[in-house]
Amino acid sequence: MRIRESGMPDEIAWDSFFEPCKLLETLGLDNTVINVADFGCGYGTFAIPAAKTIKGKVYAIDINPEMIKITSQKAKSCALDNVETMLRDFTLEGSGLADESVDYVILFNILHGEEPEKILQEAYRILKPGGKAGIIHWNHDSATPRGPPMEMRPRPEQCIKWAISSGFEICGIHDLKPYHYGVTIHKK
């Protein structure tokens, strides 16, 4: 089951919306992290910088074969041997990762789907106790240059509610100007 389509822009436009290293640091991903799962890795915008930061492996998961190909090629061109791309529908089939096998889950611009709690529950399942997840999403503001339609965009309060109902505790809420907000959560 594909996440409700929000119209992924071309890679140059997409990359212009983020400072990946700064964003990952703000949301608690640093060199103490061992393994990471990136749900909906897209162009590898966050998987590649994460792989350069962490001690272990990044599992870059996406349903789109083209995104997997792009992320894999980027990892090779950066001589990164710690990125494992996985073509998978994680909303329907789960991530395929073992229980409590990762330290951090990237949930960036992915909770606009029809079953966001299912995604959060899968993140909770694969996180080690004390592990973190970072959520970012587009601000609920029609002035943003792109993003899902307004009726699909979750507000921070909704992401927090879903996270808590999935067993997480909230670590922080972040204003990621100009277009995003972030929430850092952790597994008890």
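Annotations
- Considering the stretch 24-136, the qualifying strands (runs of 3 or more DSSP E), each wholly inside and each with 1 or more residues that are in contact with a strand residue (DSSP E or B) (Cβ under 8 Å, 6 or more places away or on another chain), surrounded by fewer than 16 Cβ atoms within 10 Å (Cβ to Cβ) and not polar (S, T, N, Q), run over 83-87.
- Counted residues, the stretch 98-148 - those being modelled with pLDDT of 95 or more and among the aromatic types (Phe, Trp, Tyr): 2
- Residue in the stretch 148-166 that is under 13 Å from the mean Cα position of the chain (by Cα), among the aromatic types (Phe, Trp, Tyr) and surrounded by 19 or more Cβ atoms within 10 Å (Cβ to Cβ) present: no
- The residue that is nearest to Pro154 (Cα to Cα), counting only those in the stretch 90-108 that are more than 14 Å from the chain's Cα centre (by Cα) and touching a residue at least 40 places away in the same chain (Cβ under 8 Å), is Leu92.
The values are calculated or read from the model by the stated rules, or taken from the named source; none is laboratory data. Because the structure is a prediction, the values reported are computed rather than measured. Ideal geometry is used to build each Cβ from the backbone, glycine not excepted, and the neighbour counts take in all protein chains shown.
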